[in-house]
Every structure is written in structure tokens, then in C-alpha cells.
1. Test of understanding: among A240, A208, A181, which residue is open to solvent by less than 70 Å² (accessible area, probe 1.4 Å) and farther than 21 Å from G38 by Cα?
2. Please specify each residue of the range 214-247 satisfying the condition of being acidic (D, E) and outside any helix (DSSP H, G or I).
3. Output the number of residues of the range 83-97 satisfying the condition of being open to solvent by 30 Å² or more (accessible area, probe 1.4 Å), in contact with a Phe, Trp or Tyr (Cβ under 9 Å, 6 or more places away or on another chain) and aliphatic (A, V, I, L, M).
4. Can you confirm whether the range 68-82 contains a residue that is at pLDDT 95 or above, open to solvent by 60 Å² or more (accessible area, probe 1.4 Å), in contact with a strand residue (DSSP E or B) (Cβ under 6 Å, 6 or more places away or on another chain) and within 16 Å of ligand 1 (Cβ to nearest atom)?
5. Would you mention how many residues in the range 189-213 are outside any helix (DSSP H, G or I), within 16 Å of ligand 2 (Cβ to nearest atom) and in contact with a strand residue (DSSP E or B) (Cβ under 8 Å, 6 or more places away or on another chain)?
6. Quick check, is W126 open to solvent by 20 Å² or more (accessible area, probe 1.4 Å) and assigned to a helix (DSSP H, G or I)?
7. Given the conditions (1) within 11 Å of ligand 1 (Cβ to nearest atom); (2) under 15 Å from D168 (Cβ atoms); (3) assigned to a strand (DSSP E or B), and given that H20 satisfies all but one, which numbered condition is not satisfied?
8. When you look at L166, is it away from ligand 1 (no atom under 16 Å from the Cβ), surrounded by 22 or more Cβ atoms within 10 Å (Cβ to Cβ) and not in a loop (DSSP other than H, G, I, E, B), yes or no?
Amino acid sequence: MSAASLKPGPALFSCRAIGHAFGSREVLKNISLAAQAGEVLGVVGPNGAGKTTLFEILSGRLRPSRGQVFLGETELTRLPLHARARLGIGRTYQSPVVPEHLSLGEVFRAARQAYRPFLSAHDAEWAAHQVGLAWRPAALAGSLGALDRRRLLLACLLMRKPKVLLMDEPAAGLINAEIDAIDGILRYVAQELQVAVLLVEHRLELLAALAGRVVVLDGGELIADGLPEQVFQEPRVRAAYFEAEAA
Ligand SMILES: Nc1ncnc2c1ncn2[C@@H]1O[C@H](COP(=O)(O)OP(=O)(O)OP(=O)(O)O)[C@@H](O)[C@H]1O
Ligand SMILES: [Mg+2]
């Protein structure tokens, strides 16, 4: 682990020596990383590098074979997803799946009442506003385009004022203008709402603009950790990333 990850004092969110195997297949090896409030930490690596598996472990959907996950000094490793959500860890998925036949009002109500304390309609309206989603409670979730689906899912997390957001390819399936919109939203969420955003993203130019720091996974190993412009120049990263992308 590089010095960049080891700032003095406990990080807001961190993991230590995470290892994971599916059967006999080792897909994560000794992964340690740390993120601070207000930071966007990019997570990159070729297909199959282990990024989503790492997020499954950090969010609590999957118990790692080895290692630990922390929020501040509190160990989360054995806590399930819903307990971590209550502590302020939010997660979005590669595919923005929304309940197609529910209205936005119904989706927001379900999110508000997912667990106690229940939130008010005002909280939901505030969250929609944060992500630039028009307040149209009667509209069907299934009528939303790709960007607004992402906005809706993010608003459902933001209304709970999370400390950490794990975002798995939030720009997947979006066109350029929409990617700019997501970029703006993530920047706002990190800087203004002081969330630690961990961001899996393939577009290096987006990460270079948005992430203060990136970690690179390759074959389940963390091969680089540092400033985007430095990390993307490292020969090992270029070999792992660009050769795999070109293949
Ligand atoms: N449930 C599972 N059972 C067995 N193997 C799995 C499972 N989930 C993922 N894998 C394997 O683990 C490795 C890492 O997969 P993962 O989805 O974490 O990669 P990724 O970096 O997110 O890739 P992508 O960029 O394609 O989303 C891959 O080889 C994948 O085939
Ligand atoms: Mg993935």
C-alpha cells in the first residue's frame, strides 16, 4: 500500500488485506485501500480485475475470505448489507435497475420507509433536487431514461445522508452529455455533501478529471495507488489496462 492511502488518523472508510476466492479461484489478493470524506477515489482495472467483487465485499453483500472492512475505527466485516446501509454506506450497481411499474412517488416512499427512522417527503424532494431529478411523483420509473434512472437510484441513497457511496460504473450506458451530468453530480456529492465516493469507471479521462486518487486492480491485485496522472503513466498500469482494453 502506498503512502497516499495511509494518511495519519483513521480514514473515513477503509479495507485491509482483503482476499477472496470463488471456490478454488482467487479473485482478490491482499487489497488495502482508504478513502476520506469529500474524496473521489477511482477504482480502475480491466474486465474481470475484481472491481465489482471488491464492492460486493465493501458493501456487505459478500463476506471476504480474508481481511477487514472499517468505517472509521468500527469494523464492519461481519455486518450484513442492511446494517452497513444504516451506518451510512450506500451502493449503486452496474445496471440501473428501477421498479418499472412504480411511480417516482412510490419509489421514493419505499426508500423513505425502508427502515426507521422513516423519512419525510421533504427529504425525498431534497435528494431529488441534489441530483437534478425533476420532482414528478406521478411519473412512472419505467418512463425514465438512463440518466434519470441513475439519478433516481442515487437520490434514494442520498436522502439517508450516506457517508460513503460505492458507485459501480455510474456512467455505463450514458452518452457524452449525460456523462458530463453524472460527473457534475458526483463532484457535488463529494465536495458539497462531503461523501467519500468510491468510483469504478473505465473512462480514464473522466477519472483524471474527477478523482483525486485512483487505485488500479489487475487480476485481483492492487498494482497502483496514487494521483491519476501519475498512475496512468506507470508502465505496469499501461500494460495491464491498455493492452487488455485493446484486446
Ligand atoms: N459469483 C461468482 N462466482 C464465481 N466467479 C465469479 C463470481 N463473480 C465474479 N466472478 C469472477 O471473479 C472475477 C472478478 O470479477 P468482477 O466482476 O469482480 O470483475 P470486474 O473488475 O468488476 O469486471 P468488469 O469490468 O467486467 O465489471 C472474474 O474472473 C469473474 O468471472
Ligand atoms: Mg464489474
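The values are calculated or read from the model by the stated rules, or taken from the named source; none is laboratory data. Small disclaimer: the values here were computed from a predicted structure and weren't measured. Glycine gets a Cβ as well: all are built from the backbone with ideal geometry, and neighbour counts include every protein chain shown. Surface areas here come from the heavy atoms of the whole protein model, side chains and all, with no ligands, DNA or RNA. Shrake-Rupley method; radii C 1.70, N 1.55, O 1.52, S 1.80 Å.
1. Testing whether each residue is open to solvent by less than 70 Å² (accessible area, probe 1.4 Å) and farther than 21 Å from G38 by Cα leaves just A240.
2. Listed by number, the residues that qualify are D218, E221, D225, E234.
3. Looking only at that region, the number is 1.
4. no
5. Qualifying residue count, the range 189-213: 5.
6. Considered against the rule, which asks whether it is open to solvent by 20 Å² or more (accessible area, probe 1.4 Å) and assigned to a helix (DSSP H, G or I), W126 comes out as yes.
7. In the conditions (1) within 11 Å of ligand 1 (Cβ to nearest atom); (2) under 15 Å from D168 (Cβ atoms); (3) assigned to a strand (DSSP E or B), H20 misses (2) alone.
8. no
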